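Undergrad: There's a structure below that I have some questions on.
The numbers here are math on the coordinates, done by the rules we state, and not lab data. The structure presented is a predicted model; accordingly, all values stated were derived computationally and were not measured. Don't worry about glycine lacking a Cβ; one is built from the backbone with ideal geometry, like all the others, and counts go over all protein chains shown.
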Amino acid sequence: MATAGQLSKGGIGPAIPFAGPTVFNTLSYGPHTTTTGTDTTPSVSETYIAEVYVPLNADLTGIALLNGSAVAGNVTAILYDSNGAPVANSASTAQSGTAAYQKFAFSSVYKAKGPAKYFVGVQFDSTSARFRSHTIGVAGASKKTGETYGTITTITPPTTFTTALGPFAAVY
């Protein structure tokens, strides 16, 4: 373990026990209010995707999605690695709580290796549902079309930002 003397001399010692952040937001920022971004209507045949940066090794237990002005049907939340392969997902869960974050727990803890880029994906089984999406950004945000709700497939990681597609979400 690094000593105070090693650190004061500008040296880099071995890893020091560190209680880092436990939540990482899509596109590296969270909403300012529950109405930030766009109130987006989903299609049942699309997965909505946003980049999330995990700066350190972390045990991730789920994805929190910012719901929009209406909740209906079920949601499946998915975590993808930097290559677009699914690495964790939630069960299909009833959407609840308008204009509020809703947690979707993974079926098991995912041990994320950081620093690394991941992607959050969400699927909906109802077009009456709403979610808040980013309207401005420089990180990857897109959607994958031709999907079947509840079927988790690989994605092509987005490299550009498309407005009103990437969900306001966080891994926790």
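Undergrad: Under the classification rounded if a/c is under 1.5, otherwise prolate if a/b is larger than b/c and oblate if not, where does the chain fall, given a ≥ b ≥ c as square roots of the Cα gyration tensor eigenvalues? The partial results should precede the final answer.
TA: Values: a/c = 2.08, a/b = 1.95, b/c = 1.07.
Here the chain falls in the prolate category.
Undergrad: Each label point is 7 Å from the Cα along the Cα-to-Cβ direction; what then is the distance between the points at Ser28 and Thr98, in nm?
TA: 3.5 nm
Undergrad: Can you list the aspartates and glutamates whose alpha carbon sits under 19 Å from that of Lys143, skipping same-chain ones fewer than 8 residues off?
TA: List returned: Asp39, Glu46, Glu51, Asp81, Asp125.
Undergrad: Please name which of Gly37, Ser142, Pro21 has its Cα lying farthest along the dipole of the chain towards the positive end, using unit charges on Cβ (Lys, Arg +1; Asp, Glu -1) and the Cα centre as origin.
TA: Result: Pro21, furthest along the dipole toward the positive end.
Undergrad: For a quick check: sort Tyr118, Tyr172 by the number of other beta carbons within 10 angstrom, fewest at the front.
TA: Starting with the residue having the fewest Cβ neighbours, the order is Tyr172, Tyr118.
Undergrad: Give me the distance in nm between label points sitting 7 Å out from Cα along the Cα-to-Cβ direction at Thr159 and Ala91, one decimal.
TA: Using points 7 Å along Cα→Cβ, the separation is 3.9 nm.
Undergrad: Calculate the spin-label point distance for Thr151 paired with Thr41, positioning each point 7 Å from the Cα along the beta-carbon direction, and give it in nanometres.
TA: Each label point lies 7 Å from its Cα, and together they span 2.5 nm.
Undergrad: What number, in percent, do you get for the relative contact order of the chain if the mean sequence gap of Cα pairs under 8 Å and at least 6 apart is divided by its residue count?
TA: The value is 34 percent.
Undergrad: Quick check: residue separation of Lys117 and Tyr53 times 0.36 nm, minus the Cα distance between them. What number comes out in nm? Walk me through the numbers on the way to the answer.
TA: Working: separation 64, 0.36 × 64 = 23.04 nm, distance 0.47 nm.
In short, 22.6 nm is gained.
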